[in-house]
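The values are calculated or read from the model by the stated rules, or taken from the named source; none is laboratory data. None of these values were measured; they are calculated from a predicted model. Quick reminder, even Gly has a Cβ in these numbers, built from the backbone with ideal geometry, and neighbours come from all protein chains shown.
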Amino acid sequence: MAGQDEIKEKIEKLRAEINRHNRLYYIQDNPEISDAEYDSLMQELKRQEDENPQFLTPDSPTQRVGAEPLEAFGVVDHPYPLLSLGNAFSDEDLMAWYNRTLKLLGNRAFDFVCEPKIDGLAVALTYINGQLVTGATRGDGLRGENITQNLRTIRSIPLSVPNAPARFEVRGEVYMPKSGFLKLNKEREVEEQPLFANPRNAAAGSVRQLDSRITAKRPLDTFIYMLGYVEGQATPATHWEALEQMKAWGFKTNPRNQRCKNIEEVMAYFQKWKEERESLPYEADGVVIKLNQKNIQDELGDVGREPRWAIAYKPPAVQATTKLLNIGISVGRTGTLNPTAELEPVAVGGVTIKNASLHNEDDIRRKDIRIGDTVVVQRAGEVIPEVVGPVKEKRTDKEVEFDLLKAIYSQEKGRPACPECGGEVVKPEGEVMYYCSNAACPAQAQLRIEHFASKGAMDIRGVGENISALLYDKGLAKNVADLYYLKAEQLAELEKMGEKSAQNIINAIETSKTRPLARLIFALGIKHVGDEMAEILTNEFRSIENLSQASRERLLDISTVGHKIADSIIAFFKEEDNLKILQRLKEAGVKMEETTVKAQNLPWAGKEFVVTGRLENFTRQEAEAKIKELGGAAKDSVTRKTDYVVYGADPGSKKTKAESLGITLLTENDFLKMIEEANS
Ligand code: IVH
């Protein structure tokens, strides 16, 4: 057995290695290894720590998964208040600030640092002896909430800083990248959870979770923009040097930060930012301009809660007013009746808007939005345009209050009816949305086909929004099972479809038959079952057959399944039409069960193999498939963690490396024998 010191050293080495890759990936955006290699390093560290818990430390990279939920957040006193910023909305505002500053400073020389103003939430991180001890929100500036547990889950925040001064505090912004925000909202839409209005709300909502395991799953990132204070080392003389220092400590600073010599350069920076704004991977609502010299900052001091030495320069908000012509109802994939504003076209921040979201009827009532109103519409970055509210001064008394049930009332049927199919409309208790209850509703059916074929589901390339609609309209696919009975000739008859594209689609449909079960479950579009839930259900039931027969109690036994989800699954499998669709999918050869056996029960579980050189009885792919089939992992490169190297003719450097590391070498014959043993 390895000695304690040796183990400790090994663990520390692994941590240093992982931290280095963390920095490369999360901070420098320049990874050196694949995700799979990174995962295997983490697994190795986790295994070592599990076996040697005496060496587990809170700053280990394994400790970012979140902890037990809190009852409430504690309070943190900020030793130096977290200030806010004054605003400039025009060049005139900016010049007024600049001239005031000049006056106060006489002819003293200074320069500026310009930074994007990140739209997230401010946090203060305190490190003592190089360890992150407290992470806090801004709160009222003097006292914030202790959200250390949550911040620890964010990968770009270092848990420890080697060679750090005795104590220091950095400040920065926690934000959600646009891409992460869109993905999160998409998942929430599928799971029918309320959507976040914008990345800032999403970041704030994620960071203020009492259960940090939820925070850990959210795509959060940081930019550190200020050194609060430092003890045991001199304070940098300029803000720029502070940024450099923090970067050297391992914090993520914004690469778009820039020093500017004079106010003209500042204005040019702002113009450039405005041009780039849309293409930045995060939301920024302006530029922060800071005087660089620390002694000058101190001299200028604050007014109220705002420093005189910094200002936020923002373009005016992208809002506009227009007329709300009508409120239409569109039907979503799961049957939700979504109220949508039909607007007199209006330009908002360079884009012409004709429709905007109105969320739900309660929201319309709360905001007192009426048809015919002049309304304020807003476009915030990536978000669908929304109606902010009415301009009540412009009312003429001709405006009409919106009543969803009246709007969809059918004279013919003598009841409210789905605008697409005339189906009955229901509003489940406790929900804000109305639903069309007709399982065969064409609007839903078409969207269901689109969802089924989408990338995260069965991934049938070529079947997107347009083709799904065409297939449905032409009667070629009324439901998802019909896809598997399509013929290339039928497809080729569709508008703008060549023979080649038709064949490609047929091939893509064929390929999709063997997608993992979790994808199929997700693709079915069961209400409240998103991709994560589909994975969970797959692990539990391993086949559609088993899932379809699960009782409500059995479903509720799963810790992540609540009543809403359980009821929805039960309802799905009760529906005759759904059962028919499943039967036809099965007959078409779509895989309905998970065929990979749970890896831990297999003979080679946990073992890593590398195959090199020419084998006689297998191609390399075949050998690797065999390894995986028996629960082992097939890797490309030899590392200390490799258990076996299988070699054939002309093995090359991998064999040499294995020899130097003392790894067990297997000839093809040895390998065959091992397979035989494993199978016996
Ligand atoms: S410096 C005394 N720099 O803007 C200066 N703030 O209204 C304090 N913010 O609460 C802030 N990006 O959350 C600074 N590069 C940046 C920033 C930034 C975003 C936020 C911060 C602060 C708010 C000020």
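Below, the figures for the structure above:
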item: Whichever residue in the stretch 153-186 is of a type in the set (D, E, K, R) and crowded, with 16+ Cβ neighbours inside 10 Å and, among such residues, is nearest to the chain's Cα centre (by Cα); result: 178
item: Residue in the stretch 62-85 that is nearest to residue 227 (Cα to Cα), counting only those that are modelled with pLDDT of 85 or more and away from the ligand (no atom under 16 Å from the Cβ); result: 77
item: Residue match in the stretch 378-386 (condition: surrounded by fewer than 19 Cβ atoms within 10 Å (Cβ to Cβ), under 40 Å from the mean Cα position of the chain (by Cα) and free of Cβ contacts under 8 Å to residues at least 12 places away in the same chain); result: no
item: Residue match in the stretch 114-133 (condition: in a loop (DSSP other than H, G, I, E, B), under 31 Å from the mean Cα position of the chain (by Cα), touching a residue at least 40 places away in the same chain (Cβ under 8 Å) and at positive phi); result: no
item: Filtered residue count, the stretch 138-152, keeping only those that are surrounded by 23 or more Cβ atoms within 10 Å (Cβ to Cβ) and among the polar types (S, T, N, Q); result: 1
item: Helices (runs of 4 or more DSSP H) (entirely within the stretch 455-539) containing at least 3 residues that are of a type in the set (Asp, Glu) and surrounded by 16 or more Cβ atoms within 10 Å (Cβ to Cβ); result: none
item: Candidates 432, 391, 400, filtered to the one that is more than 30 Å from residue 316 (Cα to Cα) and over 28 Å from the mean Cα position of the chain (by Cα); result: 400
item: Tally of residues being aliphatic (A, V, I, L, M) and loosely packed, with under 12 Cβ neighbours inside 10 Å across the stretch 68-123; result: 3
item: Complete set of residues in the stretch 217-239 that are surrounded by 20 or more Cβ atoms within 10 Å (Cβ to Cβ) and within 14 Å of the ligand (Cβ to nearest atom); result: 221, 222, 223, 224, 225, 226, 227, 239
item: Which numbered condition residue 329 misses (of (1) of a type in the set (A, V, I, L, M); (2) buried (at least 21 other Cβ atoms within 10 Å of the Cβ); (3) away from the ligand (no atom under 16 Å from the Cβ)); result: (2)
item: Tally of residues being outside any helix (DSSP H, G or I) and touching a Ser or Thr at 6+ places or on another chain (Cβ under 8 Å) across the stretch 567-590; result: 1
item: Residues of the stretch 631-663 classified as surrounded by fewer than 19 Cβ atoms within 10 Å (Cβ to Cβ) and either under 19 Å from residue 602 (Cβ atoms) or acidic (Asp, Glu) (or both), total; result: 6
item: Residues that are hydrophobic (A, V, I, L, M, F, W, C) and over 21 Å from residue 139 (Cβ atoms), drawn from the stretch 174-213; result: 181, 182, 184, 190, 195, 196, 197
item: Filtered residue count, the stretch 111-136, keeping only those that are more than 16 Å from the ligand (Cβ to nearest atom) and farther than 22 Å from residue 164 by Cβ; result: 1
item: Residues of the stretch 282-318 that turn out to be part of a strand (DSSP E or B), buried (at least 22 other Cβ atoms within 10 Å of the Cβ), more than 10 Å from the ligand (Cβ to nearest atom) and not aliphatic (A, V, I, L, M), as a count; result: 1
item: Sole residue being among the aliphatic types (A, V, I, L, M), within 30 Å of residue 296 (Cα to Cα) and more than 16 Å from the ligand (Cβ to nearest atom), chosen from 56, 102; result: 102
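To keep it simple, each residue is scored yes or no on (1) over 15 Å from residue 330 (Cα atoms); (2) assigned to a loop (DSSP other than H, G, I, E, B); (3) among the acidic types (Asp, Glu).
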{"residue": "397", "(1), (2), (3)": "yes, yes, yes"}
{"residue": "405", "(1), (2), (3)": "no, no, no"}
{"residue": "420", "(1), (2), (3)": "no, yes, yes"}
{"residue": "433", "(1), (2), (3)": "no, yes, no"}
